[in-house]
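This report concerns only the one structure given below.
The values are calculated or read from the model by the stated rules, or taken from the named source; none is laboratory data. It should be emphasised that the depicted structure is a prediction, and the values quoted were computed from it without experimental measurement. Ideal geometry is used to build each Cβ from the backbone, glycine not excepted, and the neighbour counts take in all protein chains shown. The area values use the complete protein model at the heavy-atom level, side chains included, leaving out ligands, DNA and RNA. Shrake-Rupley method; radii C 1.70, N 1.55, O 1.52, S 1.80 Å.
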Amino acid sequence: MATQTQPRFELKLGPATREAFGRALVEVGRENRDVVVCDADLSKSTMTSYFAKEFPERFFECGIAESNMVAIAGGLAYAGKIPFVSSFSAFVMNKGFEQLRVVVAYPNNNVKVVGTHSGISIGEDGPSQMSVEEIALACSLPGFLVFSPADEVSMKAIVHLATAHVGPVFIRAGRVKAPLIYAPEQKFEIGKSIQLTNGKDVTIVATGLLVAEALRATENLGTFGISARVLDFHTIKPLDTDAIAKASKETGAIVVAEEHLIDGGLGVRVAQAAATSHPCPMEFVGLTSYAESGTPDELLDKYGMRASSIVEAVKRVVARKN
């Protein structure tokens, strides 16, 4: 069941979640000498460079060879290490998928995979480097835990949780600065969403950058007399099915918002959970195609990754419910 917290509604910009990942990686490296890191020639972008500077003997530069990097991490895990492998999500998940399947998922190996520069907010690098399928790919791998943190605080907590967990993990990270949702003392649990606002008319299930947009949407929804509950699903697998059942029963309508393709993303998993517990009208805010090159703000605006799109989806689903 979702745990409740008081959000920081000022939503000041904090560091990118990739930056928070790099800082947290150093923290877990100091706490556990078995933590090692593999990178694919992108350490200054993935922020594993922080770990490499402090623990050069535990950092392995694998070059532009993502499949080999994953296989090396599998070997390190068999040797008792806790390997974090990192690259852009588009590279580590797509190019490394066969090895993730055979060397990590099939033997349930203790490898932690971090995909940075996820979603279309990578911006000007263009669609070849925009990962909008990786949540679906990661969730398809048996045994994997899948995380999509919304801000610096949640990313740091999830890196610590992933380190302590024995088994394969995928963590999604972004390039752009992320609004601060949580106070530093916020607690996180694997598979437990966090309720950020109360609401009786509709539930907005959001993840990653779209959590902040969901909170912004609630301010506008009040002008239409709509009371919205917001849930942050920082854990996509295992899914908080109790929170979904409770939300669908109590509010009778759900909108899912994610910076990912609608096909195979969080929305599909939420709909599956609702269908087995308490079906209700649903709407989905997400991508239906690949994007293009542009600034992060231009792309998020054009492809409907803003509070305004969530507001319109809420209005549709509430009308259907009524």
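The table below lists the values:
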read-out: 1 or more residues within 24 Å of the chain's Cα centre (by Cα): qualifying strands (runs of 3 or more DSSP E) within the stretch 8-76; value: 13-16, 35-39
read-out: Residue among 171, 158 that alone is in contact with a Phe, Trp or Tyr (Cβ under 7 Å, 6 or more places away or on another chain) and in a strand (DSSP E or B); value: 171
read-out: Residue 98 over 26 Å from residue 186 (Cα atoms), among the acidic types (Asp, Glu) and crowded, with 21+ Cβ neighbours inside 10 Å; value: no
read-out: Subset of the stretch 231-255 [closer than 20 Å to residue 190 by Cβ and either touching a His at 6+ places or on another chain (Cβ under 9 Å) or open to solvent by less than 10 Å² (accessible area, probe 1.4 Å) (or both)]; value: 231, 232, 233, 234, 235, 236, 240, 243, 244, 245, 246, 247
read-out: Condition check for residue 171: under 25 Å from residue 81 (Cα atoms), in contact (Cβ under 8 Å) with a residue 60 or more places away in the chain, touching a Gly at 6+ places or on another chain (Cβ under 9 Å) and buried (at least 21 other Cβ atoms within 10 Å of the Cβ); value: yes
read-out: Yes/no for residue 245 being assigned to a helix (DSSP H, G or I), touching a Ser or Thr at 6+ places or on another chain (Cβ under 7 Å) and of a type in the set (A, V, I, L, M); value: yes
read-out: Residue in the stretch 269-287 that is among the small types (Gly, Ala, Ser) and at pLDDT below 95 present; value: yes
read-out: Residues located in the stretch 175-187, provided they are open to solvent by 20 Å² or more (accessible area, probe 1.4 Å) and either part of a strand (DSSP E or B) or touching a Pro at 6+ places or on another chain (Cβ under 7 Å) (or both); value: 176, 177
read-out: Pair list, Cβ < 8 Å and 6+ apart or interchain, from the stretch 216-229 residues that are touching a residue at least 12 places away in the same chain (Cβ under 8 Å) to residues that are in a loop (DSSP other than H, G, I, E, B) and open to solvent by 80 Å² or more (accessible area, probe 1.4 Å); value: 227/198; 227/200; 229/198; 229/200
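One line per residue, one yes/no per condition, for (1) of a type outside the set (A, V, I, L, M); (2) farther than 24 Å from residue 118 by Cβ; (3) open to solvent by 10 Å² or more (accessible area, probe 1.4 Å):
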site: 189; (1), (2), (3): yes, no, yes
site: 192; (1), (2), (3): yes, no, yes
site: 197; (1), (2), (3): yes, yes, yes
site: 206; (1), (2), (3): no, no, no
site: 210; (1), (2), (3): no, no, no
site: 220; (1), (2), (3): yes, yes, yes
site: 227; (1), (2), (3): yes, yes, yes
